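Trainee: After the structure tokens below, expect a handful of questions from me.
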Amino acid sequence: MGRMALAGGPPAPRVLRDYAFLGDGERGALLGPHGDLVWLCVPRWDSDAVISPLIGGAGEYHLSPADPWHIWGGHYEDGTLIRVTRWITMDSVTECRDALAMPADPDRAVLLRRVRAVSGTAHLRLLLDVRPRFGHDAMVDLRWQGTCWSARGGGLHLRFTAAGARPAPGGGLRGTLTVPEGEERDIVLEIGTREGTDALDADRLWRSTEAEWRRSVPDCSSLAAPRDTRHAYAVLRGLTSTAGGMAAAATTSLPERANVNRNYDYRFAWIRDQCYAGLAVAAHGPHPLLDQAVRFITERVLEDGPKLRPAYTVTGDRVAPERPLSFLAGFPGGSNRVGNRAAQQFQLDTFGEVLQLYAAAARHDRLDTDARRAADVTVEAVAGNWTRRDAGLWELDERWWAHSRLSVVTGLRQLADALPGSAARRWTELADRILSETARRCLHPNGHWCRAEDDEGLDAGLLLPLARGCVPANDPSALRTRAIVADQLSREGYLYRFRHGEQPFHEAESAFVLCGFMMTLAAQRQGDEIGAFRWFERTRSACGPPGLFAEEFDISQRQLRGNLPQAFVHALLLECSVRLSDSGASQF
């Protein structure tokens, strides 16, 4: 199934805000508004892509109106990653329902598509071109087997139930689909590491998928922005594997800023990011994603101890070294790399986030024997390493970052509060010692926290440990830091991480969405409810029509920047919604 000659190569990518995300926990897909699938890796998040025009690779799957003169819209079914796209032509209205089937099989992706002719007869064009290994391999031995097409290639097996499709001259399958008014048609695509034998029963697959989403996403109706909060929870669920690891994002190499070499592979489980998600879930209740986060991180801590890595695959394996895919063009302004070198760094703040997660689990009585033992291992890792220079939250050069120290202070204090006793007294003493030394090195004479021992600049990341109890809410250093960060690092209600030398903010990078939610939490903890809601509302507007957040938001162009969807942003949205509701603010 080679690249379709009639298409003249992969289609040009769209701006990121237009893409929707489909996820089943084991892998994810990006779907364009015209029914074009542009990204899918099989069988796992970090596997090679089988459809990759997003970054200039081969492989396509289109199911879109035959009439190019149409407009589009769409929505997610509430609390799910089931996407419904609506197309309106001059004489018809058509809806296409898309989802990755759940519960997911780690070795098999099943993509469901259901077309409904709302009014008028729906006429759609169909094109399938699966190309494993980022387009290097073709699917061969294409044949009709009575109920579906089948093919194999690149170590994968394919089945496809579109009876009206036919082999195309350039390879793959193409055809048309006609659906009379009021009727529906189903198409199922299966790609896996083994040949499928069970019936691809669309009705059964849809029922199980709907039921799994009902089980997975809790009721958030009492929270601020309940629909957005449920959507954030659904995104986190869609990124979390049955092995427990949560992918930081579904994609690789999408640029944070054009042509500045900040393009990374985020298809791995960052310990810090998963702690953010676990903490957000714990703030709402002891839902399954909390247990999965604790289990995954406990296994990593007990295995690696003080050598805990910042990132692993979602199954707990080592992240591959970074390498370029030189045969791909890359997303415009980006690159074409896979793997991530940051997985080899020492990031002290990660240990602080782990301690905070264990404290949250303990408050819900969800800390089992292994996790309790892992908490002790983490404390010892902090005690033996807190004076070391580290790469820090933003994975930069190794320095004595203030955020890293304040994060472990927060974790030690929270753990001591959740697990009182003689050990807790030792943890508190260690926290006091670290805080005292950090203040000596990193507290500015005017009373705010600096980025590092050798850098008096500001860092919005410092807001998070201050919001979570590193120091009392009314501590002058916390109040002063929030005020000066808001004054000097914000533009138009959005927040930047830090200054890049003398460059204007918009020339160095875009606003960092995570930091806006950090400011929300900091304002809420300090009793500024109006300010907290203002930051929350402004920050949660930094998304595209599908309601997905990337890492950064270009204020002037209203564009998303970086990989999509970014898990930690959705996690902080969830936590902010819970905290704002807990403060007694009215629902809106």
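The values are calculated or read from the model by the stated rules, or taken from the named source; none is laboratory data. These numbers were taken from a predicted model, which means no experiment stands behind them. Heads up, the Cβs are rebuilt from the backbone with ideal geometry, glycines too, and the neighbour counts pull from every protein chain shown. Ligands, DNA and RNA are stripped out before the accessible areas are found, and what is left, the full protein with its side chains, is counted by its heavy atoms. Shrake-Rupley method; radii C 1.70, N 1.55, O 1.52, S 1.80 Å.
Trainee: Is it the case, given these coordinates, that GLY447 is open to solvent by less than 10 Å² (accessible area, probe 1.4 Å), more than 18 Å from ARG372 (Cβ to Cβ) and outside any helix (DSSP H, G or I)? Explain how you work it out, then say what you get.
Mentor: Details: open to solvent by less than 10 Å² (accessible area, probe 1.4 Å): no; more than 18 Å from ARG372 (Cβ to Cβ): yes; outside any helix (DSSP H, G or I): yes.
Here the answer is no, as GLY447 does not meet what is asked.
Trainee: Same structure, new question: Report, by residue number, each residue of region 396-433 that is under 20 Å from ASP455 (Cα atoms), touching a Lys or Arg at 6+ places or on another chain (Cβ under 8 Å) and buried (at least 24 other Cβ atoms within 10 Å of the Cβ).
Mentor: Within region 396-433, TRP401, ALA402, HIS403 qualify.
Trainee: Taking only region 70-110 into account, find how many residues are among the acidic types (Asp, Glu), in contact (Cβ under 8 Å) with a residue 60 or more places away in the chain and in a strand (DSSP E or B).
Mentor: 2
Trainee: If we keep just the residues of region 279-318 that are under 16 Å from ARG363 (Cβ atoms) and out of contact with any Phe, Trp or Tyr (no Cβ under 9 Å at 6 or more places or on another chain), which is most open to solvent (accessible area, probe 1.4 Å)?
Mentor: Residue satisfying both the conditions and the ranking: PRO286.
Trainee: Residue check, ARG491 against (1) over 23 Å from TYR264 (Cβ atoms); (2) crowded, with 24+ Cβ neighbours inside 10 Å, all met but one. Which one?
Mentor: Condition (2) is where ARG491 drops out.
Trainee: Right, something else. Restricting to region 426-464, count the residues that are among the small types (Gly, Ala, Ser) and free of Cβ contacts under 8 Å to residues at least 40 places away in the same chain. Working first, answer last.
Mentor: Taking region 426-464 and keeping what is among the small types (Gly, Ala, Ser), we get 431, 436, 439, 447, 452, 457, 460-461.
Among the residues that remain, those that are also free of Cβ contacts under 8 Å to residues at least 40 places away in the same chain are: 431, 436, 439, 447.
The qualifying residues number 4.
Trainee: Restricting to region 498-534, and then to whatever is open to solvent by 50 Å² or more (accessible area, probe 1.4 Å) and either in a helix (DSSP H, G or I) or in contact with a Phe, Trp or Tyr (Cβ under 6 Å, 6 or more places away or on another chain) (or both), can you tell me which residue is modelled with the lowest pLDDT?
Mentor: HIS506
Trainee: Still on this structure, I have one more. Kindly establish whether THR178 is surrounded by fewer than 23 Cβ atoms within 10 Å (Cβ to Cβ), outside any helix (DSSP H, G or I), among the hydroxyl-bearing types (Ser, Thr, Tyr) and under 20 Å from the mean Cα position of the chain (by Cα). Step through it out loud before you land on a result.
Mentor: Values: surrounded by fewer than 23 Cβ atoms within 10 Å (Cβ to Cβ): yes; outside any helix (DSSP H, G or I): yes; among the hydroxyl-bearing types (Ser, Thr, Tyr): yes; under 20 Å from the mean Cα position of the chain (by Cα): no.
In short, no.
Trainee: Tell me whether region 284-292 contains one or more residues that are hydrophobic (A, V, I, L, M, F, W, C) and assigned to a helix (DSSP H, G or I).
Mentor: Looking through region 284-292, at least one residue is hydrophobic (A, V, I, L, M, F, W, C) and assigned to a helix (DSSP H, G or I).
Trainee: Give just the number: which of (1) open to solvent by less than 10 Å² (accessible area, probe 1.4 Å); (2) closer than 29 Å to GLN557 by Cβ; (3) modelled with pLDDT of 95 or more does ASN263 not satisfy?
Mentor: (3)
Trainee: Here's another thing I want to ask about it. Which residues, taken from region 317-357, are modelled with pLDDT of 95 or more, in a loop (DSSP other than H, G, I, E, B) and in contact with a helix residue (DSSP H, G or I) (Cβ under 6 Å, 6 or more places away or on another chain)?
Mentor: Within region 317-357, VAL319 is the sole residue that qualifies.
Trainee: Given the criterion of a type outside the set (D, E, K, R) and in a loop (DSSP other than H, G, I, E, B), identify the matching residue among GLY238, GLY171.
Mentor: Values: GLY238 fails: in a loop (DSSP other than H, G, I, E, B).
Within the list GLY238, GLY171, the selection yields GLY171.
Trainee: While we're on this one: In the set ARG257, ARG295, ARG272, ARG300, which member is assigned to a helix (DSSP H, G or I), touching a helix residue (DSSP H, G or I) at 6+ places or on another chain (Cβ under 9 Å) and within 25 Å of ASP554 (Cβ to Cβ)?
Mentor: On the way: ARG257 fails: assigned to a helix (DSSP H, G or I); ARG295 fails: within 25 Å of ASP554 (Cβ to Cβ); ARG300 fails: within 25 Å of ASP554 (Cβ to Cβ).
Among ARG257, ARG295, ARG272, ARG300, only ARG272 is assigned to a helix (DSSP H, G or I), touching a helix residue (DSSP H, G or I) at 6+ places or on another chain (Cβ under 9 Å) and within 25 Å of ASP554 (Cβ to Cβ).
Trainee: Kindly indicate which of SER216, SER208, SER241 is open to solvent by less than 10 Å² (accessible area, probe 1.4 Å), in contact (Cβ under 8 Å) with a residue 60 or more places away in the chain and not aliphatic (A, V, I, L, M). Break it down into steps so the answer makes sense when it comes.
Mentor: Numbers: SER216 fails: open to solvent by less than 10 Å² (accessible area, probe 1.4 Å); SER208 fails: open to solvent by less than 10 Å² (accessible area, probe 1.4 Å).
On inspection, the qualifying residue turns out to be SER241.
Trainee: State which residue is most open to solvent (accessible area, probe 1.4 Å) when the search covers only region 119-139 and only residues that are in a strand (DSSP E or B) and touching a residue at least 60 places away in the same chain (Cβ under 8 Å).
Mentor: ARG125
Trainee: Looking at region 526-541, I want the residues that are without any contact (Cβ under 8 Å) to a residue 40 or more places away in the chain and have a partner that is in a helix (DSSP H, G or I) and small (Gly, Ala, Ser) with Cβ atoms under 6 Å, at least 6 apart or on another chain. Which pairs are those?
Mentor: GLY531/ALA523
Trainee: Output the residues belonging to region 13-36 that are part of a loop (DSSP other than H, G, I, E, B) and either buried (at least 24 other Cβ atoms within 10 Å of the Cβ) or among the β-branched types (Val, Ile, Thr) (or both). Give the derivation first.
Mentor: Just the residues of region 13-36 that are part of a loop (DSSP other than H, G, I, E, B), to begin with: 13-15, 19, 24-27, 32-35.
Of everything in region 13-36, those that are part of a loop (DSSP other than H, G, I, E, B) and either buried (at least 24 other Cβ atoms within 10 Å of the Cβ) or among the β-branched types (Val, Ile, Thr) (or both) turn out to be VAL15, TYR19, ASP24, GLY25, GLU26, ARG27.
Trainee: Among ALA486, ALA550, which is out of contact with any Asp or Glu (no Cβ under 8 Å at 6 or more places or on another chain), closer than 20 Å to ALA402 by Cα, buried (at least 16 other Cβ atoms within 10 Å of the Cβ) and at pLDDT 95 or above?
Mentor: Details: ALA550 fails: closer than 20 Å to ALA402 by Cα.
Just one listed residue meets the conditions, ALA486.
Trainee: What pairs can you find where one residue is in region 150-178 and closer than 24 Å to ALA122 by Cα and among the hydroxyl-bearing types (Ser, Thr, Tyr), the other is modelled with pLDDT of 95 or more and outside any loop (DSSP other than H, G, I, E, B), and their Cβ atoms are less than 6 Å apart, with a gap of 6+ or different chains?
Mentor: Qualifying pairs under 6 Å: THR161/ILE187; THR161/VAL188; THR176/ARG125; THR178/HIS123.
Trainee: Another question, then. May I ask you to list the residues in region 114-141 that are modelled with pLDDT under 95 and hydrophobic (A, V, I, L, M, F, W, C)?
Mentor: Passing the criteria: PHE134, ALA138, MET139, VAL140.
Trainee: Moving on. Can you tell me how many residues within region 66-82 are surrounded by fewer than 21 Cβ atoms within 10 Å (Cβ to Cβ) and either aliphatic (A, V, I, L, M) or in contact with a Leu (Cβ under 6 Å, 6 or more places away or on another chain) (or both)?
Mentor: From region 66-82, those surrounded by fewer than 21 Cβ atoms within 10 Å (Cβ to Cβ) are 66-75, 77-78; that's our starting set.
Remaining after also requiring either aliphatic (A, V, I, L, M) or in contact with a Leu (Cβ under 6 Å, 6 or more places away or on another chain) (or both): 66, 71.
Within region 66-82, residues that are surrounded by fewer than 21 Cβ atoms within 10 Å (Cβ to Cβ) and either aliphatic (A, V, I, L, M) or in contact with a Leu (Cβ under 6 Å, 6 or more places away or on another chain) (or both) number 2.
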